[in-house]
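Input: a single structure, listed below in structure tokens.
The values are calculated or read from the model by the stated rules, or taken from the named source; none is laboratory data. What you see is a predicted model; the values in this text were computed from it and never measured. Cβ sites come from the backbone with ideal geometry, for glycine too, and all protein chains shown count toward neighbours.
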Amino acid sequence: MKGSALLERKTAESSADSRDRLDECRLSRDELFNLLRNPRRRAALQYLLERDRKATRSELAEHIAAAENEVTTAELNSAQRKRVYVSLYQNHLPKMDEYGVITYDAREGTAELTSEARVLAHYLDADVGESESNRWERYYPLFGLLGGVSLVITSLDRLFALPLDFVTAVSVLLLLIVPVVAIDREFL
């Protein structure tokens, strides 16, 4: 029961944190999701957040093109650079400026974060932490291990003539308690 209450508290705190961050942001929820739905806009924001300085359109295009093509900036060809550069120039940087998360000077070809963009760092995982999607990679082995332990416990039933209800109870208890403890101690 205590683990269940702990999990509910953590979920409520996480939801409250997200609501607080959204309240700090002048963008509506729809605008926020519209802004962040495009991977190039997310990549540009992340790049600017990590460097915390003004960047040129060319610099952003090179970084994003290299990431998209999984090569270094030195290995990029002109077509790869141009494809990203044009989309940033014509679409993404003006839209981000319109939403107020960057100040974009089309004449100079520079983009700089506004204070509004700092609120978006949570949604981008710009801090040197791991993203939620990467955390799932750690859940699967844990549940596989718990399944293996359950299998071993079931096998012990035959060796030591344990009642099936006991084996089931221990297996379910492990499957419920271990993830809650791991989440509480931030192993996951």
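Here's the yes/no breakdown for (1) surrounded by 15 or more Cβ atoms within 10 Å (Cβ to Cβ); (2) free of Cβ contacts under 8 Å to residues at least 60 places away in the same chain; (3) aliphatic (A, V, I, L, M):
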| site | (1), (2), (3) |
| --- | --- |
| ASN69 | yes, yes, no |
| THR72 | no, yes, no |
| GLU75 | no, yes, no |
| SER78 | no, yes, no |
| LYS82 | no, yes, no |
| LYS95 | yes, no, no |
| TYR104 | yes, yes, no |
| GLU108 | no, yes, no |
**Asked** Just for the stretch 48-62: of the residues that are in contact with a strand residue (DSSP E or B) (Cβ under 8 Å, 6 or more places away or on another chain) and not acidic (Asp, Glu), which one is surrounded by the fewest Cβ atoms within 10 Å (Cβ to Cβ)?
**Response** ARG53
**Item:** the stretch 84-125: number of residues that are in a helix (DSSP H, G or I) and either out of contact with any Gly (no Cβ under 7 Å at 6 or more places or on another chain) or not assigned by TED's automatic domain parsing to the domain that holds SER28 (or both)
**Value:** 24
**Asked** Can you tell me how many residues in the stretch 126-142 are at pLDDT 65 or above and assigned to a loop (DSSP other than H, G, I, E, B)?
**Response** 0
**Prompt:** Does the stretch 5-53 hold any residues that are of a type in the set (Phe, Trp, Tyr) and modelled with pLDDT of 90 or more, and which are they?
**Reply:** TYR47
**Matching entry among THR168, THR154 (being touching a helix residue (DSSP H, G or I) at 6+ places or on another chain (Cβ under 7 Å) and either in a helix (DSSP H, G or I) or modelled with pLDDT of 75 or more (or both))** = THR154
